[in-house]
Structure formats: C-alpha cells, structure tokens
Amino acid sequence: MMTRSPQGRTNRLTRPSIAVAAAVAVTAGVVAAAPDAKTAEPTPKLSLIAASTSVTLDSWKDDPGVYLDLGTYLTSENGAFELKVTRKSYKDPVVATQVLRNGKKTTTKALPAGLVKDFSGLPGFAQVSVTDAAGKTVLKQTEAFCPNNASGRIRPDAPANSKYPQSCPVNPFTLGSVWGVENGWASNTYAGYYAKPVQLAAGTYTAKISVTKKYRDLFGIANKPQTVKVTVRERSWEEEEGSGSAARSAAPRSAKSAAGTQGHTGHTGHEGHQQAADAPAASAHAAHGAPARPEAPAGRTTGAAPTFNVGHGPYPPAPPALPWALKKESLQRQAFSAAKVGDRPGQTDGSRQAPAAEPNAKRPTGKATVPDVPKPDLRSLPAYGITVSDGYEDDPGKDYLAFSANVWNAGPAKLVVDGFRSPGKELMDAYQYFYDAKGKQVGYTPTGTMEWDPRPGHEHWHFTDFASYRLLKADKKESVRSGKEAFCLANTDAVDYTVKNANWHPDNTDLSTACGQENSISVREVLDVGSGDTYTQDLPGQSFDITGLPNGTYYIQVLANPENRLKETNHKNNSALRKVVLGGKKGARTVTVPAHDLVNAN
C-alpha cells in the first residue's frame, strides 16, 4: 500500500483508524437532579456547566501555546439533543435539522439556512474571554462545538452508553452526520486539537465562558456564563528530563520536540500501526500512513474524541476523551504528568485497539450462492489531500502526485469478507458473506484472494482488487497512469451516518488487530454501513509518477470494486473523479486543485 508522505520531511498525509468506546462520568460535582417525569418538557433542556472552578494549563518553552481546555460542558436533560446534518450532493449546501423525540413521536425542526457550513460542528457556539490578574482582557474569541465531543453522564440514572457517534467528521467529502448529547449526559465544549493554541504568559487568569446569543435563542439555553480560574504554568522538556525518570516517562513532550525524534508528524497509518502498538502513549490509533503523531504540547485531556477522518492532510487528530476531574486527580498522583493514556475502568481515551472481527471457524462448504438479500453498495469519494513532491533519496529525480482515496459503503448491508489459507499457501482464498434481515448468514461467494504484505509498517493481510486509481487525461477517458491496490479494510471515516442501517459505532477499526498476523490461518475484514476506508497514496514509486507528464489538466479517478468481484446493490456509482492541473518544472512540479462543486478543499 501507499503510505509514505510526499509533503517534505515534516508533514505527512496519513489515514487514521478510529477507536470507539464507552464514555466516562464527568464528576460528582456536576451531578444534576433527575427531572420530574410529570413536568418534563417535550424538548431537551440544554445547560452550560463547568466541571471545576479552576484549571491548570501548560505552555511549553520550546513550543509555546496553551490549549484552552477549560472543562466546560453542555448538558442535555428532558431528552437527548440530536441534530441530523446532510447535503444532497456536493452541489448542495450542508443543512442541519434538530430531531425531537417524545416517546414514539418524532418531529423535526430545520435550523437556519447557512448556520452550519460543514460537518465539524456548530460554528461560533461558545464565547470565551480571558482577563489577567489586573483585570485586563487578553483574549476574546468564539469556538465551534461538536455535540459528539468527549462526554460523560451527569446523573446515575442516565443511559449507560451514548447512542451517538464519537466526534464530528472533518473529511471534506462527508455526506451526512448525526450529532447528539445523550439524555442525562454532558459534552465538552472544547474542540481539542481543532482549536488553535492561544498565547498566554505564565500567570493567573479568569476565563468567562458563555453560549452565544444565536444558539441560546435557537435552543432555549439560559444565559448563565461560567467562570473558571486559570493558572498557566511554563514547562520545559529539558527541565523534565532533569527531574527524574518518573517525570521523563510521564511528562508529555511538545509537538516540536517529539516530531524531532519521530521524524514526521501525523497519525499512524497502514504503514504505522506497529509503531502505535509499541508506543500507545504517542498514538495508539493505527491508520494507513505514517508514524505515530506526537503528543500535544499540553496534557491530553478532554476535547473531541478521535474522529474517523483526522490525520488526512491538514486535519490533526483530537485529544482523547478524558474529563477534567480525572485529569486533575491524575495530576495529584503524578507531578507534572498528563493522565495515562489508555482504556481502563472510568476512563476511555480512544486509544483502545478494537478486537479483530472473528472469521468463521472453517471455510464455507456446499454450493456458493448469492441470495436475494440486502447487499453493500460501494462508492468512491473524490480524491483529496492532493500534493506533489520529489522522490527523496528513495527515488531521486522523480516527481510524484499523491492523494488520499476513500471507498465507503452506502449499505444497506455491511461488507464482510473472510480469508482462509490452506497450509503452506502464500495467498488466502477470500469469500464474501451475505446475511438476512435478522443477521443470519444465508450465502457466500468466492471473491478473489488476500495477500500478506511483508513491508515494514504494513505486515498485515490485504484484500486484493478492492479499488484502483487512475490518472486520466483531460478527456476523462484515456488513462496515463494507473495502480491496482489491495486493502486491509477498516472503518476509518464516517462518510454518511444518515443512510439506512448506518452503524454509528462500527467495530473492526484498528488495523493492528483487524488485519491478521503473518501466521494467521484466517482473517475477517469488514466495511460497515455508513463508513469508508481511507488510504493515502503517497509512497514514491506507488503514487502517480508524473515526471514525464506535460503540464495541463488531468483527473484522478478512484474506482471501487474494479473487477466487480464483490457483489453489491449498484455497480454504476463506483467511480469518482477529481480535477487537477499540473504545472511547474521537473523537480519543482506544482498542482492546482479546483473546487469540486461546493467543496473547496484539496
């Protein structure tokens, strides 16, 4: 697979894998009384709360900036707060609708046109102002809010698990999403890595956080700003190294210094899942692309949970879900340390490795059949994260065009492929399985092979002929470069969670467990309904070699199921094209990526 970035030495295109898990309790200090059922309102009651009256934030000398995690949450009582966000096509704007549930009755309320412009959250939701010890305002800004952010229960009788997805997608070609705060839950208003760090000198401050008026009026939120005392402390990695081995192992490194040792930033990829398994504190989210992304300059605390699509090009991953109360408790136990990353009782930070989907114990027997039951519908997204580079020391004198490609499943059935290996054989025989409405397996068909990829950083089983990529001339017909790719299937991107049977909490999300080992006798790979699988095509020699191509207009074609070996509901929607314009000179080629209808992102 193509997993190495062409974007110079410091910025990689990566492909994430997601990790989903149960949420955690916020803190006993913010428990709210259960509403009286007799007086419960038919619409959810939203409130802004602060988990703590004070927080301590870190600024690192070698990479200054404070991640303004103030521990404020939006709570939902008297019902869940739910939004459905969609667009009909890339020619149509994004629209948002509030979904109101009252028993068996469901109604909807359209939000104002233009309020939501993408799928990353409600823009301009929170107003934050910070004053220094002398009362001078040193910062004033608004922040977006993803209702799917790190969250937890605020009362013991609330549902044990939230039904809503974890995080809001930022893939530029997302088609539909569902956002929500579960009834009796609270969602962090801080956007994590999606919010830029702010410049605050060491000292004490007072932060005032409120919901902006347009959202108070829209959702009936009381105007009750929260005040939080903020202590900013300056830290240095060099000082941490001199304070003992415990501090060295516990203290987070800055993005700058960590990148210096890891060589590149970005989430782990199909290339990097083994590094993630070896160093989960840096990033245990395996993906298709690069070494583990370094820790944030500040302690990893709350903020958005890892998304399906962070790490593609300019989109950085979000910090894990860890309420402030847990962070504060950990800091008391461990001086100058961020809370330990990992899943355990009372904490879910998104670094969990999902268990592999278990294949059938034996290869199928009897006559192969393709029954008349729901099947998957594989579709391609237009290429994005497009860039050009030279071949580095691996392939000097060459120019390459790299991009990210996503094939997703529009349903209504998930794609399930098992691989079985005969003893001593290098390839596995692959079979596609079919299920009835009750989930019972009712048929299967042979569908090619799976092959072991031994390259360092891959080292897992790839399902062959899942997708191919072609660089077409301006006439969109004649191919000048092409590549056929094998994939380890994983649910990395929430492309459209509004389609029928979409699974908001898909399994099979971690490549280091889902794609088997070299000595595996069988493997199951799954692409669930609503989710897509992103790869970056950026390894020199495997991305498009454009060294000898003249400047001009071309189209990148992403083609799902190119040999039609997989059975699906529709084979006519498997292709997506993205226009690119090549320019420049050899060794300094350029690429211009025009907007794709209303999506102006490369």
Residue in the stretch 55-70 that is open to solvent by 50 Å² or more (accessible area, probe 1.4 Å) and at pLDDT below 90 present: yes
Residue in the stretch 450-460 that is charged (D, E, K, R) and in contact with a helix residue (DSSP H, G or I) (Cβ under 8 Å, 6 or more places away or on another chain) present: yes
Of residues in the stretch 119-150 being open to solvent by 70 Å² or more (accessible area, probe 1.4 Å) and not hydrophobic (A, V, I, L, M, F, W, C), the one farthest from the chain's Cα centre (by Cα): K136
Answer residue from the stretch 423-439, given it is modelled with pLDDT of 85 or more and farther than 18 Å from L527 by Cβ and is surrounded by the most Cβ atoms within 10 Å (Cβ to Cβ) among those: D429
Any hit, the stretch 440-451, residues being assigned to a strand (DSSP E or B), of a type in the set (A, V, I, L, M) and either closer than 21 Å to R524 by Cβ or open to solvent by 20 Å² or more (accessible area, probe 1.4 Å) (or both): yes
The lone exception for V495 - which of (1) open to solvent by less than 20 Å² (accessible area, probe 1.4 Å); (2) at pLDDT below 85; (3) not basic (K, R) it fails: (2)
Hits in the stretch 467-491 (condition: without any contact (Cβ under 8 Å) to a residue 24 or more places away in the chain and assigned to a loop (DSSP other than H, G, I, E, B)): D475, K477, E478
Residue identified as touching a residue at least 60 places away in the same chain (Cβ under 8 Å), polar (S, T, N, Q) and open to solvent by less than 30 Å² (accessible area, probe 1.4 Å) among N171, N161: N171
Test for R153: is it of a type in the set (K, R), at pLDDT below 95, touching a strand residue (DSSP E or B) at 6+ places or on another chain (Cβ under 6 Å) and surrounded by fewer than 24 Cβ atoms within 10 Å (Cβ to Cβ): yes
Pairs where the first residue, in the stretch 210-234, is free of Cβ contacts under 8 Å to residues at least 40 places away in the same chain and the second is assigned to a strand (DSSP E or B) and aliphatic (A, V, I, L, M), C-beta under 7 Å, 6+ apart: none
Any hit, the stretch 460-481, residues being modelled with pLDDT under 90 and farther than 19 Å from P562 by Cβ: yes
Residues located in the stretch 577-602, provided they are in contact with a strand residue (DSSP E or B) (Cβ under 9 Å, 6 or more places away or on another chain), in a loop (DSSP other than H, G, I, E, B) and modelled with pLDDT under 95: K586, G587, A601, N602
Subset tally (residues that are closer than 30 Å to Y444 by Cβ and either surrounded by 17 or more Cβ atoms within 10 Å (Cβ to Cβ) or of a type outside the set (V, I, T) (or both)) for the stretch 552-593: 18
Contacts under 6 angstrom Cβ, first residue in the stretch 364-382 being under 14 Å from A413 (Cα atoms) and acidic (D, E), partner open to solvent by 60 Å² or more (accessible area, probe 1.4 Å) and assigned to a loop (DSSP other than H, G, I, E, B), 6 or more apart: D377/T569
Checking G79 against (1) modelled with pLDDT of 95 or more; (2) part of a loop (DSSP other than H, G, I, E, B); (3) buried (at least 19 other Cβ atoms within 10 Å of the Cβ); (4) not aromatic (F, W, Y), the condition it does not meet: (1)
Set R4, R12: member being within 30 Å of D597 (Cβ to Cβ), crowded, with 20+ Cβ neighbours inside 10 Å and at pLDDT below 90: R12
Condition broken by D418, with the remaining ones in (1) modelled with pLDDT under 90; (2) surrounded by 24 or more Cβ atoms within 10 Å (Cβ to Cβ); (3) of a type in the set (D, E) satisfied: (1)
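The values are calculated or read from the model by the stated rules, or taken from the named source; none is laboratory data. All figures in this text were calculated on a predicted structure; none of them were measured in a lab. Ideal geometry is used to build each Cβ from the backbone, glycine not excepted, and the neighbour counts take in all protein chains shown. These area figures cover heavy atoms from the full protein model, side chains too; ligands, DNA and RNA do not enter into them. Shrake-Rupley method; radii C 1.70, N 1.55, O 1.52, S 1.80 Å.
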